[in-house]
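The values are calculated or read from the model by the stated rules, or taken from the named source; none is laboratory data. The structure displayed is predicted, hence computed values, not measured ones. Cβ placement follows ideal geometry from the backbone for every residue including glycine, while neighbour counts extend to all protein chains displayed.
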2 protein chains.
Amino acid sequence: MSQQDSVKSNSMRAVYVAGVGMTKFGKSPQTLAELLCDAASNSLSSSPVQEVDALYIGAMNPEEFTGDSNIASLVADALGMTGLPAIRVETASSAGAAALHAAFQAVASGYYQHVLVLGGEKMTHLSTSATTRVLAEVIDKQERRCGATMPALAAMITERYRKKYRLSRSRLEQVLCRVAIKNHLNGSYNPYAQFQQPISKETYSSSKLVSTPLRLYDCAPITDGAAAIVLTSEPTDIAITGIGHGTGPLGLGERDSFTSFPATQIAASRAYQMAGISPSAIDFAEVHDAFTPFEIICTEDLGFFAPGKGWQAVEEGKTSLQGTLPINPSGGLKARGHPVGASGVAQVVEAAWRLRGNSKTRFKREARRALCQSTGGLGSNNFVTILERSDKSPAIQNPKKAPPLSPVRRRKAKQPADEAALSDEGHIETFTILYVTPDGFLPPLALALIRDGRGRLIMAQGEDVTHLKIGRAVFLRKVGDRYLFTVKSHLRKVREALKNLLTRARSLPRKEEMAPSKKEKP
Amino acid sequence: MSQQDSVKSNSMRAVYVAGVGMTKFGKSPQTLAELLCDAASNSLSSSPVQEVDALYIGAMNPEEFTGDSNIASLVADALGMTGLPAIRVETASSAGAAALHAAFQAVASGYYQHVLVLGGEKMTHLSTSATTRVLAEVIDKQERRCGATMPALAAMITERYRKKYRLSRSRLEQVLCRVAIKNHLNGSYNPYAQFQQPISKETYSSSKLVSTPLRLYDCAPITDGAAAIVLTSEPTDIAITGIGHGTGPLGLGERDSFTSFPATQIAASRAYQMAGISPSAIDFAEVHDAFTPFEIICTEDLGFFAPGKGWQAVEEGKTSLQGTLPINPSGGLKARGHPVGASGVAQVVEAAWRLRGNSKTRFKREARRALCQSTGGLGSNNFVTILERSDKSPAIQNPKKAPPLSPVRRRKAKQPADEAALSDEGHIETFTILYVTPDGFLPPLALALIRDGRGRLIMAQGEDVTHLKIGRAVFLRKVGDRYLFTVKSHLRKVREALKNLLTRARSLPRKEEMAPSKKEKP
């Protein structure tokens, strides 16, 4: 049985979109976990499904962007959903779409009934050069060694497109400028977009060159943000009818074509086949315009326009909001912003909103089918998802079968120990003496988990390595961002008792004479 | 419909194990991609399925261990399987098990028929302190700030276990020593194990303290390695009958219990329920003994022994090769080694080999059912997988239905440009001038993809930013690990032609007079 046959098999369960939600994209003071929590809350607030069976999290590189790994556990904890299965899926900048894909299979298999798909990234706290370095790790090592970055390779692809399809430099600039202007105009209607101001031709032309022929306004920005989708096997008003995935060569030096991405073509072919439609059945699309020329190439790879004709479609206005096939009506990565792990999920959120009629702008024709395309790396790991509006009500069909609309299972967010008042005493819950210490710590290092007077558990360093025992009382203090503890030894206890006694004695009237019950040892 | 009901539903396709394979674990000069390729080849060489529909890759942190991200595309490329869908799944040190879990759902859904599951990590090239730092990123941030590491927190859990179950320090040491000795003995029979020598009580007792009460021999080593499994929906001799996943609190400070891992309990409960069995039906298990005490806690969380009785089972020899319930007959993480992303896959490989009778050692009773348990982080993201031997032949049931036994679809591995002889001329395939450069590069930076005289594509830096054009001829040279190109300008061409002419002229007999066809301009 071929791969194709298995897709046609009708044993696969249908998968539907329940709630969708996202944070505003842009520069945010929140942590990645906080952004994901907000997106999750927003998606659950619009969802007939309130309890999910598992979490699928798309994030590209929290390890290097924020210094955290084990992000799936971290997010389950932050959501107050500890216990629930939670996995992180990653395919570079299409990580969000990859998480959706894995979650789709989990629901389609019947293993889970309802799952929460999350995508997010926290990037703006780093310098542009640090972010560029992390982003560049997705490209081939040898190419990276030369100083190549994502914009540099995207620029080389653009130069090749220009040459192949005989565009003059000024014509190319006009076309790319039109894509940027269109997406910024679309973003101006989108309250979740990072940029909500239309831009002029002058703004585009005067923006700095990043890598010839690409200008700043050809590149998606650095962004913080998160998006979320509740998938379910219970029918809702939106079904995922097609889903496809493909890879392509990592290095530019290994490619047969410099002006198309085979990974998109493979993914699209599978998704169209599964949905039983051709490209002409799509009413609008959200595509991965990390660079303006990539939007054009994408519309060719998806079969919307013939190879080398995508730029003409832009010139003719076909891809604008009022065109025959609106592309990136949300503003795309260009104007909505591009928190890498979030983008693949955000595209589907935007598409679902529009299919449900929850958008400020209207198309000429009614939108019933949407396509979302997400790109990983330099077009090396790409996804296509097709959403279709059904005539079912937005709520789950049979309310009796639906789980009760309970409040979101979200615990009160853990209060960081740093911000809460600290009790200065406690006792040892467990301890160790560490001999192989991390950088910046000298062995032996006494560590203990201390239960403080307020009942909270705090990890702390011992001021010395003696007298450690479970249950032993300690003094606790904060130095910088660390906690230190000292064991209250027997001697200390005696001293303390005596001190208390003396204090009390001094507060008594002079006339009454008192003898200390115990003499302090020197 | 509850989560439980959906599991019971018989609409889920059965999933079988076809081929399994792994690399020898230990210190390796190979890259992560090369290790994964070898494991893939090994699994395919023993598999009736030769063509797979997709790749599922478990890796914990290649970003920081090796400086590469976009690992899914990189591995698809390295395998010569470019085009095939490839995703990376991550849940800290259980990443391999997580990849297996996602792949299981993909096959169970019918979306794919055959998938290749890979798990791997490359760690030994870094210093112990660098590796410890990367591994410590899986634990809670506040706890990390105190200098806590994975061994430190594992030690604290051990101290608490000792106290709760009233073990003296010497008794605890004896028990942990027995676990270490048992697993090293088991490893001595395993040709894939990192350590293949039994250890003595003296070796254990004289090994250095890492974090009290844990010694070096209580901790799994730092390892390179990879493992692979071909999953299929076509019946084979081994079925995956149960699979479960759960999470637990990230920080030690958030836990209700310090002597068990609820994430394992949740995962086990689901897996047993799905397989329709109780713990007593398991013949042997591979569990996550990253630290010797974790093996004991694991056997309690899995329901093999009552809470606080796991250490007695070790003392009584129940968990040895000849015991009633052999635990880690492969040597476990302790002796086989622990390349973090590989371990969850390697456990299943080892279990499949043993179920098939491909092991050097024999148990007292025949092994028909095996359980594998994998732990992510400090027990915060755990998986349980149950494998069952069927009475089917090891090959696919109906040979007519099986895909042809074609050679592995592995392209000749890409030869690194560095190692291959470089042609010193070529032409520009595409180019750019980069103005926002990565650290260590000054803008403007000319970059071009050069096709050299041997037809290979090489990314190179321009010696200046002028005369760049697609198709233009260049000189190419290597400086350190980078390539530099210089455009052969018109002037240079003329000079070159003249030089050639003069050389030829000089080689002619003196008597013949020749006039240069063109005068060289200064």
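Results for (1) farther than 20 Å from B:Leu214 by Cβ; (2) charged (D, E, K, R); (3) at pLDDT 90 or above; (4) in a strand (DSSP E or B), shown as yes or no for each residue.
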position: A:His427; (1), (2), (3), (4): yes, no, yes, yes
position: A:Thr432; (1), (2), (3), (4): no, no, yes, yes
position: A:Asp439; (1), (2), (3), (4): yes, yes, no, no
position: A:Arg451; (1), (2), (3), (4): yes, yes, yes, yes
Qualifying positions in region B:47-68 - part of a loop (DSSP other than H, G, I, E, B) and either among the β-branched types (Val, Ile, Thr) or closer than 22 Å to B:His101 by Cβ (or both): B:Ser47, B:Val49, B:Val52, B:Asp53, B:Ala59, B:Met60, B:Asn61
Residue satisfying condition, being surrounded by 24 or more Cβ atoms within 10 Å (Cβ to Cβ) and part of a loop (DSSP other than H, G, I, E, B), within set B:Pro293, B:Pro307, B:Pro329: B:Pro329
Matching entry among A:Gly332, A:Gly323, A:Gly308 (being in contact with an Asp or Glu (Cβ under 9 Å, 6 or more places away or on another chain), small (Gly, Ala, Ser) and closer than 25 Å to A:Lys27 by Cβ): A:Gly332
Matching entry among A:Ala155, A:Ala228, A:Ala193 (being hydrophobic (A, V, I, L, M, F, W, C), in a loop (DSSP other than H, G, I, E, B) and touching a residue at least 40 places away in the same chain (Cβ under 8 Å)): A:Ala193
Residue in region A:375-385 that is farther than 29 Å from A:Asp140 by Cβ, buried (at least 24 other Cβ atoms within 10 Å of the Cβ) and either aliphatic (A, V, I, L, M) or within 14 Å of chain B (Cβ to nearest Cβ) (or both) present: no
Positions within region B:447-483 being facing chain A (nearest Cβ under 7 Å) and hydroxyl-bearing (Ser, Thr, Tyr), in sequence order: B:Tyr483
Matching residues in region B:85-108 - criterion: being closer than 17 Å to B:Thr264 by Cα, small (Gly, Ala, Ser) and within 7 Å of chain A (Cβ to nearest Cβ): B:Ala92, B:Ala98
So A:Val115, is it surrounded by 24 or more Cβ atoms within 10 Å (Cβ to Cβ) and over 11 Å from the mean Cα position of the chain (by Cα): yes
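When you check A:Glu419 against the structure, is it over 11 Å from A:Phe485 (Cβ atoms) and modelled with pLDDT under 90, yes or no?
Numbers: over 11 Å from A:Phe485 (Cβ atoms): yes; modelled with pLDDT under 90: yes.
Considered against the rule, which asks whether it is over 11 Å from A:Phe485 (Cβ atoms) and modelled with pLDDT under 90, A:Glu419 comes out as yes.
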A:Gly341 vs. criteria crowded, with 24+ Cβ neighbours inside 10 Å and under 14 Å from the mean Cα position of the chain (by Cα): yes
Region B:69-82 - residue that is touching a helix residue (DSSP H, G or I) at 6+ places or on another chain (Cβ under 6 Å) and assigned to a loop (DSSP other than H, G, I, E, B) and, of those, surrounded by the fewest Cβ atoms within 10 Å (Cβ to Cβ): B:Thr82
Residue match in region B:272-284 (condition: under 24 Å from the mean Cα position of the chain (by Cα) and of a type in the set (A, V, I, L, M)): no
Filter result for B:Ser260 (in a loop (DSSP other than H, G, I, E, B) and of a type in the set (Gly, Ala, Ser)): yes
Near pairs, Cβ below 7 angstrom, 6+ apart or cross-chain, from region B:270-282 (surrounded by fewer than 20 Cβ atoms within 10 Å (Cβ to Cβ)) to any residue that is among the β-branched types (Val, Ile, Thr): B:Gln273/B:Val7
Boolean, A:Asp237 is surrounded by fewer than 24 Cβ atoms within 10 Å (Cβ to Cβ), more than 13 Å from every other protein chain (Cβ to nearest Cβ) and in contact (Cβ under 8 Å) with a residue 40 or more places away in the chain: yes
Hits in region A:1-46 - residues which are crowded, with 21+ Cβ neighbours inside 10 Å and at pLDDT below 95: A:Met12
Qualifying residues in region A:11-44 (those that are without any contact (Cβ under 8 Å) to a residue 60 or more places away in the chain and in contact with a Gly (Cβ under 9 Å, 6 or more places away or on another chain)) - the one farthest from A:Phe104 (Cα to Cα): A:Ala33
Residues located in region B:129-152, provided they are hydroxyl-bearing (Ser, Thr, Tyr) and within 7 Å of chain A (Cβ to nearest Cβ): B:Ser129, B:Thr132, B:Thr149
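Which residues, taken from region A:250-264, are modelled with pLDDT of 95 or more, surrounded by fewer than 24 Cβ atoms within 10 Å (Cβ to Cβ) and of a type outside the set (S, T, N, Q)?
Initially, region A:250-264 is screened for residues modelled with pLDDT of 95 or more, giving A:259-264.
If we keep only those that are surrounded by fewer than 24 Cβ atoms within 10 Å (Cβ to Cβ) too, we end up with A:259-260, A:262.
Hit for region A:250-264 is A:Pro262, nothing else.
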A:Pro249 vs. criteria away from chain B (no Cβ under 12 Å) and either assigned to a loop (DSSP other than H, G, I, E, B) or in contact with a Cys (Cβ under 6 Å, 6 or more places away or on another chain) (or both): no
Any chance B:Phe304 is closer than 13 Å to B:Gly379 by Cα and either of a type in the set (Phe, Trp, Tyr) or modelled with pLDDT under 95 (or both): no
Failed condition for A:Asn183, given (1) within 14 Å of chain B (Cβ to nearest Cβ); (2) closer than 22 Å to A:Lys27 by Cβ; (3) in contact with a Lys or Arg (Cβ under 8 Å, 6 or more places away or on another chain); (4) crowded, with 21+ Cβ neighbours inside 10 Å: (1)
